[in-house]
Amino acid sequence: MDSKMIINSLRENRKPYGGNDLLTEFDIPIEELVPGMICPTCQTPTMKEKFNSWMCEQCYTFDGNAHIDTLVDYCFIIDQYISVAQAQWFMQISSISLTHQLLTNLKLPQVETEKGLMYDLSPLITSNFMTKKEVKSALAELFK
Ligand SMILES: [Zn+2]
């Protein structure tokens, strides 16, 4: 995973969901974003895959929904659409195939763009998306 390439791919043609580009508005360079799944307890971006879920390496909190929260943040802050490589970088997942499975597992719509195949994250924001329980069982399914 080449994070420099990923960051470069995010410099232009971003469309954050809802139309507010906070990074531009607050003049925050994209390279200053710290990627990683945020722990709901200690707020550090150190959640990693562990025992069919995500575990914080700092405080050992488990959260089977950490990837959803992270993708929702991405959708609002960076772009409504995400590639597998961008998702792997932003969530700091160990393998590209696990990242691919994760996005497929969420049944996100796939969109062919000039940048290649992207996943539309907007269903994560709407109320008819999976419940937290459904997300957890889908995640457990993935690690079998
Ligand atoms: Zn933590």
With the requirement that a residue be in contact (Cβ under 8 Å) with a residue 24 or more places away in the chain and within 15 Å of the ligand (Cβ to nearest atom), what does the stretch 24-37 give you? GLY36, MET37
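Do we have GLN80 as closer than 16 Å to PHE129 by Cα and touching an Asp or Glu at 6+ places or on another chain (Cβ under 9 Å) here?
For GLN80, the condition - closer than 16 Å to PHE129 by Cα and touching an Asp or Glu at 6+ places or on another chain (Cβ under 9 Å) - is met.
TRP89 - would you say it is among the aromatic types (Phe, Trp, Tyr) and assigned to a strand (DSSP E or B)?
Judged against the criteria, TRP89 is not a match.
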Condition first: surrounded by fewer than 18 Cβ atoms within 10 Å (Cβ to Cβ), part of a loop (DSSP other than H, G, I, E, B) and more than 9 Å from the ligand (Cβ to nearest atom). Now tell me which residues in the stretch 38-63 satisfy that. PHE51, ASN52
Filter pass, GLN86 being surrounded by fewer than 18 Cβ atoms within 10 Å (Cβ to Cβ), closer than 21 Å to TYR17 by Cα and modelled with pLDDT of 95 or more: no
Identity of the residue in the stretch 115-136, in a helix (DSSP H, G or I) and either touching a strand residue (DSSP E or B) at 6+ places or on another chain (Cβ under 8 Å) or free of Cβ contacts under 8 Å to residues at least 40 places away in the same chain (or both), that ends up farthest from GLN86 (Cα to Cα): LYS133
Go through the stretch 65-117 and report how many residues are of a type in the set (Asp, Glu), farther than 16 Å from ASN8 by Cα and more than 11 Å from the chain's Cα centre (by Cα). 1
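Listed residues LEU139, LEU103; which is over 21 Å from TYR17 (Cβ atoms) and assigned to a helix (DSSP H, G or I)? Reasoning before the result, please.
Details: LEU103 fails: over 21 Å from TYR17 (Cβ atoms).
Going through LEU139, LEU103 in turn, the sole match is LEU139.
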Of the residues that make up the stretch 13-23, is at least one within 23 Å of ALA140 (Cβ to Cβ), away from the ligand (no atom under 16 Å from the Cβ) and surrounded by fewer than 17 Cβ atoms within 10 Å (Cβ to Cβ)? no
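The values are calculated or read from the model by the stated rules, or taken from the named source; none is laboratory data. These numbers were taken from a predicted model, which means no experiment stands behind them. Here the Cβ is made from the backbone with ideal geometry for all residues, glycine too, and neighbour counts use every protein chain on show.
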